[in-house]
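These notes concern the structure reproduced below.
Just so it is clear, none of the values below were taken in a lab; they were calculated from the coordinates. Computed from a prediction, not measured in an experiment: that's the story for all the values here. No Cβ is skipped: glycine too gets one built from the backbone with ideal geometry, and neighbour counts run over all protein chains shown.
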Amino acid sequence: MTRRPAPRSLSDEALSSLLGRQQFGTLATMKRSGHPHLTTMVYSWDPEARIVRFSTTAGRVKVQHLQRNPRAALHVPGGDVWSFAVAEGEAVVSESTAVPGDAVGRELLKMIPEAGRPDDEAAFLEELVAEHRVVIRLKVDRLYGTALTIDG
């Protein structure tokens, strides 16, 4: 009988590295019914502070869920279908950016990788205000995930 490879747990360092390499993940929040609400999100990982940041608009259902119940998780796929990382914790939703260049607007701007920064920063900050943008900050208190090495 051929023995199949078993998944191996990833270290905290490997999980943090995986979060840092990716930019898309699935955010899970809790509906009033207790069922999960899943949405694909672009995120920014701050490994030193252990915070995942998301940009969204104030009227989104995920914002309502997090304001009612701050527990959330982010699932991030690895380089293959057998590996993943999950970041769990409690989220805080910022106030909407209200004045171009305020603290929330600057935080949103810093979330954009240097190569993707807008040419007209002032116009971008105005757009964030018009869209009622907020920052979701997921303070990560637990990381877990696995990988499966298949020798071929």
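Some points to look at:
- When the Cα positions of PRO113, VAL81, HIS35 are compared along the charge dipole of the chain, HIS35 comes out farthest toward the positive end, with charges on each C-beta of Lys, Arg, Asp and Glu.
- On the beta carbon distance between ARG106 and ARG8, with R0 = 30 Å, the FRET formula returns roughly 0.15.
- For the chain, alpha-carbon Rg relative to the globular expectation (2.2 N^0.38 Å, N residues): 1.17
- Contour minus Cα-Cα distance for TRP82 and GLU48 (0.36 nm per residue): 9.6 nm
- Between GLU95 and ALA115, the FRET efficiency estimated from the beta carbon spacing at R0 = 30 angstrom works out to 0.55.
- Residue-averaged [θ]222 nm for the chain, counting only DSSP H segments that reach four residues, each worth -39500 (n - 2.57): -6500 deg cm²/dmol
- Positive-end ranking of GLN64, PHE124, LEU19 along the dipole of the chain, with charges on Cβ about the Cα centre, is headed by GLN64.
- Computed magnitude of the charge dipole of the range 8-145 (debye, nearest 20; Cβ of K, R +1, Cβ of D, E -1): 740
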